[in-house]
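Notes to accompany the following structure.
The values are calculated or read from the model by the stated rules, or taken from the named source; none is laboratory data. Nothing here was measured: the structure is a model prediction, and the numbers come from that model. For neighbour counting, all protein chains shown are included, and Cβ atoms are generated from backbone atoms with ideal geometry for every residue, glycine included.
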Number of protein chains: 2
Amino acid sequence: MSVSIGFVGFGEAGSHIAQGLTGQGVSGITAYDLHANTPGRGEKIRERAAWAGVELVAAPSELAQRAQVILSVVTANAAEEAAAQNAPFLTPDHLYADLNSVSPGTKQRIQGIIESAGASFVEVAVMAPVPPYLHQVPMLLNGTSAPRFSEQLSPFGMKFQVIDDQPGVAAATKMCRSVIVKGIESLVMESMLASTYYGADERVWASLNETFPGMDWKKLADYVVGRVAVHGERRAREMEEVAATLEEAHVDPEMTRAIVRRMDWSVEQGMRAQWGIEGPKSYAEVADFVREQMIAKR
Amino acid sequence: MSVSIGFVGFGEAGSHIAQGLTGQGVSGITAYDLHANTPGRGEKIRERAAWAGVELVAAPSELAQRAQVILSVVTANAAEEAAAQNAPFLTPDHLYADLNSVSPGTKQRIQGIIESAGASFVEVAVMAPVPPYLHQVPMLLNGTSAPRFSEQLSPFGMKFQVIDDQPGVAAATKMCRSVIVKGIESLVMESMLASTYYGADERVWASLNETFPGMDWKKLADYVVGRVAVHGERRAREMEEVAATLEEAHVDPEMTRAIVRRMDWSVEQGMRAQWGIEGPKSYAEVADFVREQMIAKR
């Protein structure tokens, strides 16, 4: 069975999925990136294409000619525009999957654009960060074309959960889940900063372990504080999309906006530069670093 | 062994602890409440005293004469003033325990006031809501006089964990724990309001159950949304004290302030009046109610 795969956008997510597929023996993968010839950014994109064994094409029209299954992996704010740029060249043979972290409303508008062009649309919610998993990152697929998309790409080891629900439900699941997952990260960061100041951190984790049996809060704190230190920026931007999702549902995103601010704060502290991609080994390192920064600023 | 117990303040917490102790055969309990003769409030206080088998006294001086172990259970913002009003009448024989939900800094100031008067101080953090547990509500005791306090009251079934740590650590433990416990409640409320709108709630819980094995998120959601619906006001005020605790530790309480707003919002929705003290049976009831309210307001 042969499938021609094309990417719209070739940043971190797209290049890692493509590299994983190439490693599974998939050949002839193409990609179109608006910024392939932008000085600086373009070089990075061309490096990624070489690394992933992917051919960059010059225009959406060429992408549509070369690829039958198209995966949109741009930035959240460019997802709708990307659909609009590619739609004119799509045919009923095309499967267009939007993998971007956008609100259910945006997913539905993209679906409208793609289906108006006569092509098939697949709503995709990427449920974990791509890089460690490459093409095997878990994805939630939604819509009538989801089974066909799954049949074509599952043979290469991609991990899909296929649902057939209202348009936007996959995106909503991801976004509402993120309120809680990224929210707990932010709560642990905020609580830890204060509990370490008072020397009460061990007692707090012990008390929480009693309230939530089956959780190891100290271990969780080390892990999530490390993740926030390294990936605060990505989390802040994702949570802005989550806030939009809540507003579409007429819910005031009080907690979600606070998560954005907590994440942005960790970025401003310069944690990424302090530890690099490896991140800190424990929350205690982060507590010490934040306090040293504070004293230095006085 | 005989112990004379007195309460400073006789609201919900104090009267429920006293009632539990009376039930254990403790006699001669006294209480002083500043508002015992305030029209309206006073009647309620006198009713509570009769219910709990407690004698109200007219002044702090009388309380100090009648009781050797004094428990302060006022409102958070009155805790320091209560200590100052009672301190002049205390002797080295007195044990003064502050049970109020105040910041570690406030606990330390109260300790200073009591110890300057020559009496012994016990820092107490009440770790659960009093009413269902009465005198058996779990308490974290801190300080050099904590073992003596525990010896005197444990025989009546009171539940203490005794630590001997820096002043304020018991309060800090409670407060930093609340960031996470009340924070999760607020996250679940916010996420649930959106996920039910999109019809994605069951999928969100299923996904969270995979991420946090050992947790049942749907069950947790029913429980915590119900608690927030009934006790949002109490939680909002407690979280204001938590915010003060974080600020004392030079931590910007971004998440904590958002929790206050989420709790206040649930109060404004009129959830308490809708369901009474029993509360709603499921989060779905709350989601429906909030949406009906919103439609009604348009």
| field | Among (1) touching a residue at least 24 places away in the same chain (Cβ under 8 Å); (2) surrounded by fewer than 18 Cβ atoms within 10 Å (Cβ to Cβ); (3) more than 22 Å from A:ILE110 (Cα to Cα) - the single one A:GLU151 does not satisfy | value | (1)
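In this structure, does A:THR245 turn out to be over 19 Å from A:LEU187 (Cβ atoms), at the interface with chain B (Cβ under 9 Å from one of its Cβ atoms) and assigned to a helix (DSSP H, G or I)? Please lay out each step first, then the result.
Details: over 19 Å from A:LEU187 (Cβ atoms): yes; at the interface with chain B (Cβ under 9 Å from one of its Cβ atoms): yes; assigned to a helix (DSSP H, G or I): yes.
Answer is yes for this residue.
Does B:ARG203 satisfy being within 7 Å of chain A (Cβ to nearest Cβ), more than 16 Å from A:HIS250 (Cα to Cα) and among the basic types (Lys, Arg)?
On the way: within 7 Å of chain A (Cβ to nearest Cβ): yes; more than 16 Å from A:HIS250 (Cα to Cα): yes; among the basic types (Lys, Arg): yes.
So B:ARG203 fits the description; yes.
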| remark: So the helices (runs of 4 or more DSSP H) completely within region B:10-74 holding 1 or more residues that are over 25 Å from B:ILE110 (Cα atoms), aromatic (Phe, Trp, Tyr) and touching a residue at least 12 places away in the same chain (Cβ under 8 Å) are B:41-52
| note | The residue from A:ALA146, A:ALA170 that alone is facing chain B (nearest Cβ under 9 Å) and in contact with a strand residue (DSSP E or B) (Cβ under 9 Å, 6 or more places away or on another chain) is A:ALA170
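Within region A:69-105, which residues are within 20 Å of A:GLU151 (Cβ to Cβ) and either in contact with a strand residue (DSSP E or B) (Cβ under 7 Å, 6 or more places away or on another chain) or surrounded by 24 or more Cβ atoms within 10 Å (Cβ to Cβ) (or both)?
Residues of region A:69-105 that are within 20 Å of A:GLU151 (Cβ to Cβ), as a first pass: A:69-72, A:90-99.
Across region A:69-105, the qualifying residues are A:VAL69, A:ILE70, A:LEU71, A:SER72, A:LEU90, A:HIS94, A:LEU95, A:TYR96, A:ALA97, A:ASP98, A:LEU99.
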| request: Tell me which of these B:ARG262 doesn't satisfy, since it passes every other one: (1) crowded, with 21+ Cβ neighbours inside 10 Å; (2) assigned to a loop (DSSP other than H, G, I, E, B). | output: (2)
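Can you work out which of the residues in region A:127-148 that are within 19 Å of the chain's Cα centre (by Cα) and part of a helix (DSSP H, G or I) is surrounded by the fewest Cβ atoms within 10 Å (Cβ to Cβ)?
Initial filter on region A:127-148 (within 19 Å of the chain's Cα centre (by Cα)): A:127-142.
Cutting the leftovers down to part of a helix (DSSP H, G or I) gives us A:130-136.
Values: A:VAL130: 21, A:PRO131: 14, A:PRO132: 9, A:TYR133: 18, A:LEU134: 20, A:HIS135: 21, A:GLN136: 16.
Once the filter is applied, the top-ranked residue is A:PRO132.
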| From the set of residues in region B:30-56 that are touching a strand residue (DSSP E or B) at 6+ places or on another chain (Cβ under 7 Å), hydrophobic (A, V, I, L, M, F, W, C) and surrounded by fewer than 21 Cβ atoms within 10 Å (Cβ to Cβ), which is nearest to B:ILE17 (Cα to Cα)? | B:LEU56
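Is it fair to say A:PHE156 is more than 12 Å from chain B (Cβ to nearest Cβ) and buried (at least 18 other Cβ atoms within 10 Å of the Cβ)? Give the derivation first.
Working: more than 12 Å from chain B (Cβ to nearest Cβ): yes; buried (at least 18 other Cβ atoms within 10 Å of the Cβ): no.
So A:PHE156 does not fit the description; no.
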| said: Give all pairs with beta carbons closer than 6 Å in which a residue from region B:75-97 that is at pLDDT below 95 meets a residue that is buried (at least 20 other Cβ atoms within 10 Å of the Cβ); count only pairs at least 6 apart in sequence or on separate chains. | reply: B:ALA76/B:ASN100; B:ALA76/B:SER101; B:ALA76/B:VAL102; B:ALA76/B:GLU241
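Condition check ((1) in a helix (DSSP H, G or I); (2) farther than 23 Å from B:THR256 by Cβ) across all residues:
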{"position": "A:LEU153", "(1), (2)": "yes, yes"}
{"position": "A:GLN161", "(1), (2)": "no, yes"}
{"position": "A:VAL179", "(1), (2)": "yes, no"}
{"position": "A:ILE184", "(1), (2)": "yes, no"}
{"position": "A:LEU193", "(1), (2)": "yes, no"}
{"position": "A:ALA206", "(1), (2)": "yes, no"}
{"position": "A:PRO213", "(1), (2)": "no, yes"}
| B:ASP216 being touching a strand residue (DSSP E or B) at 6+ places or on another chain (Cβ under 8 Å) and either modelled with pLDDT under 95 or surrounded by fewer than 20 Cβ atoms within 10 Å (Cβ to Cβ) (or both) | no
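Quickly run through region B:89-114 and pick out the residues that are within 14 Å of chain A (Cβ to nearest Cβ) and assigned to a helix (DSSP H, G or I). Before the answer, list the steps.
Taking region B:89-114 and keeping what is within 14 Å of chain A (Cβ to nearest Cβ), we get B:102-108.
B:PRO104, B:GLY105, B:THR106, B:LYS107, B:GLN108, listed by residue number.
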| remark: The correct count of residues that are more than 10 Å from chain B (Cβ to nearest Cβ), touching a residue at least 60 places away in the same chain (Cβ under 8 Å) and touching a helix residue (DSSP H, G or I) at 6+ places or on another chain (Cβ under 7 Å) in region A:214-236 is 2
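So, in region B:258-298, how many residues would count as being among the aliphatic types (A, V, I, L, M) and under 21 Å from B:SER178 (Cβ atoms)?
Applying the first criterion (among the aliphatic types (A, V, I, L, M)) to region B:258-298 yields B:258-260, B:263, B:267, B:271, B:273, B:277, B:284, B:286-287, B:290, B:294-296.
Going one step further and asking which of them are under 21 Å from B:SER178 (Cβ atoms), we end up with B:258-260, B:263, B:267, B:271.
Number satisfying all stated conditions: 6.
On the given criteria, is A:ARG262 within 12 Å of chain B (Cβ to nearest Cβ), touching a residue at least 40 places away in the same chain (Cβ under 8 Å) and of a type in the set (Lys, Arg)?
yes
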| task | Exactly one condition in (1) within 28 Å of B:PRO132 (Cβ to Cβ); (2) over 21 Å from the mean Cα position of the chain (by Cα) is not met by B:ILE45; state its number. | result | (2)
| message | Condition first: surrounded by 19 or more Cβ atoms within 10 Å (Cβ to Cβ) and not in a helix (DSSP H, G or I). Now tell me which residues in region B:266-291 satisfy that. | response | B:GLY279, B:PRO280
